[in-house]
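Novice: Take a look at this one; I'll ask things after.
The values are calculated or read from the model by the stated rules, or taken from the named source; none is laboratory data. As the structure is a computational prediction, the values presented were derived from the model and not from experiment. Quick reminder, even Gly has a Cβ in these numbers, built from the backbone with ideal geometry, and neighbours come from all protein chains shown.
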Amino acid sequence: MNSCILMAKIISNPELRYAQDNQLPIAQMLIEIDGLGPNDPPSTLKAVGWGNLASEIKEKYTEGDQVILMGRLSMKNFESPEGFKEKRAELTLSQVYPLSPSATTNNVVPIDSFKPKTPTDETPEEMTDLTTSSPPVSDENLDEIPF
């Protein structure tokens, strides 16, 4: 089964058009996926949604939105303006989920940012002295089987 889940940024506003034969809505947009390393350039990919999903994409999403996309990855053949035959990857969408505006892939919290609570001068009454605890239980009446 061909299934992909990608976190991406929409880099072009979704375009809505309709199929000639049955007027089925089709939305397409360009998305950008971060590179694997800090020096790797991002990848650009065409994403296409059909039917009700296409209408939803056009209504809810715009350029710059961070989204999680689920769908099938396929290779499409096309001819460039120079006359060369090329292949390009395309994601046929099955679901789209928005991420919050503040959500990014760089959400690492520095380890030294933790601030412990400052102790108060008062001690709670529930606190007991560990040196005056009850004596340990003797082992003479215990079975060898722990349950």
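Novice: Is it the case that some residue within region 20-30 is among the charged types (D, E, K, R) and either assigned to a strand (DSSP E or B) or at pLDDT 95 or above (or both)? First the steps, then the outcome.
Specialist: The first filter runs over region 20-30 and keeps only residues among the charged types (D, E, K, R), leaving 21.
Checking which are either assigned to a strand (DSSP E or B) or at pLDDT 95 or above (or both) leaves us with none.
No: region 20-30 contains no residue that is among the charged types (D, E, K, R) and either assigned to a strand (DSSP E or B) or at pLDDT 95 or above (or both).
Novice: Moving on. Could you please let me know if residue 64 is outside any strand (DSSP E or B) and either surrounded by 13 or more Cβ atoms within 10 Å (Cβ to Cβ) or of a type outside the set (Val, Ile, Thr) (or both)?
Specialist: On the way: outside any strand (DSSP E or B): yes; either surrounded by 13 or more Cβ atoms within 10 Å (Cβ to Cβ) or of a type outside the set (Val, Ile, Thr) (or both): yes.
Judged against the criteria, residue 64 is a match.
Novice: Also, I was wondering about something else. As an exercise: evaluate residue 69 against (1) in contact with a Pro (Cβ under 7 Å, 6 or more places away or on another chain); (2) aliphatic (A, V, I, L, M); (3) assigned to a strand (DSSP E or B) and give the number of the one condition it does not meet.
Specialist: Looking at each condition in turn, residue 69 falls short on (1).
Novice: Okay, moving on. Going by the conditions given, is residue 91 over 15 Å from residue 7 (Cα atoms), at pLDDT 90 or above and not β-branched (Val, Ile, Thr)? If you could, list the steps in order and put the result at the bottom.
Specialist: Numbers: over 15 Å from residue 7 (Cα atoms): no; at pLDDT 90 or above: yes; not β-branched (Val, Ile, Thr): yes.
So residue 91 does not fit the description; no.
Novice: Of all residues in region 5-19, count the ones that are part of a strand (DSSP E or B) and either out of contact with any helix residue (DSSP H, G or I) (no Cβ under 6 Å at 6 or more places or on another chain) or free of Cβ contacts under 8 Å to residues at least 12 places away in the same chain (or both).
Specialist: Here is the first cut: in region 5-19, the residues part of a strand (DSSP E or B) are 5-10, 15-18.
Remaining after also requiring either out of contact with any helix residue (DSSP H, G or I) (no Cβ under 6 Å at 6 or more places or on another chain) or free of Cβ contacts under 8 Å to residues at least 12 places away in the same chain (or both): 5-10, 15, 17-18.
Of the residues in region 5-19, 9 are part of a strand (DSSP E or B) and either out of contact with any helix residue (DSSP H, G or I) (no Cβ under 6 Å at 6 or more places or on another chain) or free of Cβ contacts under 8 Å to residues at least 12 places away in the same chain (or both).
Novice: If you check residue 75 against the conditions, is it out of contact with any Ser or Thr (no Cβ under 8 Å at 6 or more places or on another chain), free of Cβ contacts under 8 Å to residues at least 12 places away in the same chain and of a type outside the set (S, T, N, Q)?
Specialist: Details: out of contact with any Ser or Thr (no Cβ under 8 Å at 6 or more places or on another chain): yes; free of Cβ contacts under 8 Å to residues at least 12 places away in the same chain: no; of a type outside the set (S, T, N, Q): yes.
For residue 75, the condition - out of contact with any Ser or Thr (no Cβ under 8 Å at 6 or more places or on another chain), free of Cβ contacts under 8 Å to residues at least 12 places away in the same chain and of a type outside the set (S, T, N, Q) - is not met.
Novice: Being surrounded by fewer than 16 Cβ atoms within 10 Å (Cβ to Cβ), hydroxyl-bearing (Ser, Thr, Tyr) and not in a strand (DSSP E or B) is the requirement here; does residue 44 meet it? Before the answer, list the steps.
Specialist: Values: surrounded by fewer than 16 Cβ atoms within 10 Å (Cβ to Cβ): yes; hydroxyl-bearing (Ser, Thr, Tyr): yes; not in a strand (DSSP E or B): no.
No: the conditions fail for residue 44.
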